[in-house]
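Comments concern the structure below.
Bear in mind these aren't lab numbers, they're just calculated from the coordinates by the rules spelled out. What you see is a predicted model; the values in this text were computed from it and never measured. Backbone-built Cβ (ideal geometry, glycine too); neighbour counts: all protein chains shown.
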Amino acid sequence: MYIDSMTKYRPQTLSEFVYPNEETKELVEAYASGEMKSSLILHGASGCGKSLLQELIPNAIENSNANLQRVLCADIQTAKDVHELYGKNKKFDNLFKDNDHFNYIIIEEFLITNQKISDAFKIELDKRNGVDLTIISTNYFDKVDKGIVSRSIELELIACEPKKFFPHAKRIFDSEGVHIDYSVLMNCLEVTYTLNQDNRKYYRAIDKLLRKH
Ligand SMILES: Nc1ncnc2c1ncn2[C@@H]1O[C@H](COP(=O)(O)OP(=O)(O)O)[C@@H](O)[C@H]1O
Ligand SMILES: [Mg+2]
């Protein structure tokens, strides 16, 4: 049987997110409570849940599907684009965001080499602090402007160790009604982790195992 477990079992809320460690859990939960107002920079290797958290954290704060203003960093080409990104939100909150805690600016694949654009971000982060919550994801944390880093909280995401991912994997098999020897499943996760430290690979390995059963 063919199944895309990564899509089918994509965590819908933070309660389904697999935390790689306690430190990550504590910080994410602090954001989810709505108490943290500084921009958040999620960084680290591919497939570790950065984009996923960019969606699940706002949903947790709002306790429902939050209205996200989601942009790919490559689409921001001038300082004006940055001001418009934040400015657009002002109209937005007048229209229908009265009850929300924040306007959410979600920037994917953050990589900015132009100083004027970085400066525009710093201005907006100062101006809109507490009103907008900016959540950035990037594979290039070392290239992020120091002033942006200084205004933000950073969180490095890493792949989950096999034993951390195991309960989620087991749940997939149980939900599919497929019986598997759990030691075979654990072994499969361990081999996968040795080859690539990327949560996406676990799902691919699970799909393969499901096909065999
Ligand atoms: N910690 C995690 N817990 C549960 N699922 C995860 C986790 N990290 C990644 N995934 C799964 O892998 C997919 C890819 O994750 P994504 O957030 O796009 O990674 P990144 O943005 O870090 O490259 C997600 O849709 C999700 O199904
Ligand atoms: Mg991503």
For region 160-211, average projected area of the Cα convex hull in nm²: 3.1 nm²
How many nm separate the modelled label positions at SER15 and ASP198, each set 7 Å beyond the Cα in the direction of the Cβ? 3.2 nm
With R₀ set to 41 angstrom, the calculated FRET efficiency between the beta-carbons of HIS83 and THR7, to the nearest 0.05, is 0.70
With -39,500 (n - 2.57) per DSSP H segment of 4 or more residues and division by the full residue count of the chain, the 222 nm estimate, nearest 500 deg cm²/dmol, is -15500 deg cm²/dmol
Sorted by chain and then number, the residues having a modelled amide H within less than 5 Å of the amide H of ASP132, at least 5 places away or on another chain, are ASN103
To the nearest 20 debye, what charge dipole does region 1-48 have about its Cα centre, counting +1 at the Cβ of each Lys and Arg and -1 at the Cβ of each Asp and Glu? 220 debye
For a 18 Å ceiling on Cα separation, which of these pairs sit above it: LYS164/LYS208; LYS25/LYS143; LYS50/LYS208; LYS116/LYS146; LYS164/LYS212; LYS25/LYS122? LYS164/LYS208; LYS25/LYS143; LYS50/LYS208; LYS164/LYS212; LYS25/LYS122
Rg and Dmax of the chain, Cα atoms, in Å? 19.0, 57
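Given DSSP loops and a limit of at most 16 other Cβ atoms within 10 Å, what is the longest stretch of the chain that contains no such GluC sites (Glu not before Pro)?
By the stated rule (loop sites, at most 16 other Cβ atoms within 10 Å), 110-213.
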Per DSSP, loop chymotrypsin sites (Phe, Trp or Tyr not before Pro) in region 1-89 with at most 10 further Cβ within 10 Å: TYR2
